[in-house]
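For reference, the structure discussed in these notes is given below.
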Amino acid sequence: MLKNLAVLGSGVLFGLGLIISQMVNPKKVIGFLDITGNWDPSLAFVMLGALVILGVTQHFILKKPKPLLAAQFHQSTKKDIDTRLIVGASLFGLGWGLAGYCPGPALVSIAYGQLEAGLFCLAMFAGMWFFSWLHASK
């Protein structure tokens, strides 16, 4: 129960951060990505703040033998840059640049009743299903 409450609280905190930073606003995101036009650097400060907090806290957290609410840490051991990583990152970047949404902000935007966010999420879930189907058949 405590783990579920921690997950819920983390999700709410993340969603509030996305709303306050305006990452749920596609125009703001596209303005940040438009480095050759009317560039809006404000989201760089959001990302910089997140990286600073991660850098400081990760050092202390990973010194513990295990997380507070789990049996072990779950960290990726994969270090290779392969075709799947490059293609996936490219598709993510293209989708983010074209639509102005990435998955987290799109899900939060649905709460605002934004039709575009709902359509983006439908396409995202269809892509996830297609990926699972494609790799399950191998």
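The values are calculated or read from the model by the stated rules, or taken from the named source; none is laboratory data. Because the structure is a prediction, the values reported are computed rather than measured. All Cβ positions, glycine included, derive from the backbone under ideal geometry; neighbour counts span all protein chains shown.
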Do the conditions hold for residue 92, that is, is it assigned to a helix (DSSP H, G or I), within 23 Å of residue 127 (Cβ to Cβ), under 14 Å from the mean Cα position of the chain (by Cα) and in contact (Cβ under 8 Å) with a residue 40 or more places away in the chain? no
Got a number for residues in the range 1-31 being loosely packed, with under 15 Cβ neighbours inside 10 Å and free of Cβ contacts under 8 Å to residues at least 12 places away in the same chain? 12
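Look through 46, 52, 87 and report the one residue that is touching a residue at least 24 places away in the same chain (Cβ under 8 Å) and either farther than 25 Å from residue 1 by Cα or surrounded by 11 or more Cβ atoms within 10 Å (Cβ to Cβ) (or both). Spell out how you get there, then give the answer.
Working: 52 fails: touching a residue at least 24 places away in the same chain (Cβ under 8 Å); 87 fails: touching a residue at least 24 places away in the same chain (Cβ under 8 Å).
Going through 46, 52, 87 in turn, just one is touching a residue at least 24 places away in the same chain (Cβ under 8 Å) and either farther than 25 Å from residue 1 by Cα or surrounded by 11 or more Cβ atoms within 10 Å (Cβ to Cβ) (or both): 46.
Looking for whichever is acidic (Asp, Glu) and surrounded by 14 or more Cβ atoms within 10 Å (Cβ to Cβ) here; the options are 34, 40. Which one fits?
Details: 34 fails: surrounded by 14 or more Cβ atoms within 10 Å (Cβ to Cβ).
The conditions single out 40.
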I'd like the full set of residues that are at pLDDT 85 or above and either charged (D, E, K, R) or in contact with a Phe, Trp or Tyr (Cβ under 9 Å, 6 or more places away or on another chain) (or both), limited to the range 115-138. 116, 117, 120, 121, 124
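For the range 2-74, which fully contained helices (runs of 4 or more DSSP H) count at least 1 residues that are more than 16 Å from the chain's Cα centre (by Cα) and more than 21 Å from residue 120 (Cα to Cα)?
Values: elements: 2-20, 26-33, 42-61.
Once the helices (runs of 4 or more DSSP H) in the range 2-74 are filtered for at least 1 residues that are more than 16 Å from the chain's Cα centre (by Cα) and more than 21 Å from residue 120 (Cα to Cα), what remains is 2-20, 42-61.
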How about the range 78-89: which of its residues are modelled with pLDDT of 90 or more and in a loop (DSSP other than H, G, I, E, B)? 80, 81, 82
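Do we find that residue 99 is touching a residue at least 40 places away in the same chain (Cβ under 8 Å) and more than 18 Å from residue 30 (Cα to Cα) in this structure?
Values: touching a residue at least 40 places away in the same chain (Cβ under 8 Å): yes; more than 18 Å from residue 30 (Cα to Cα): no.
Taking the combined requirement at face value, the residue does not satisfy it.
Would you check which residues across the range 105-122 are touching a helix residue (DSSP H, G or I) at 6+ places or on another chain (Cβ under 6 Å) and touching a residue at least 12 places away in the same chain (Cβ under 8 Å) and list them?
Here is the first cut: in the range 105-122, the residues touching a helix residue (DSSP H, G or I) at 6+ places or on another chain (Cβ under 6 Å) are 105-106, 108-110, 117-118, 120-121.
If the condition is that a residue be touching a helix residue (DSSP H, G or I) at 6+ places or on another chain (Cβ under 6 Å) and touching a residue at least 12 places away in the same chain (Cβ under 8 Å), then 105, 106, 108, 109, 117, 120, 121 are the ones that fit.
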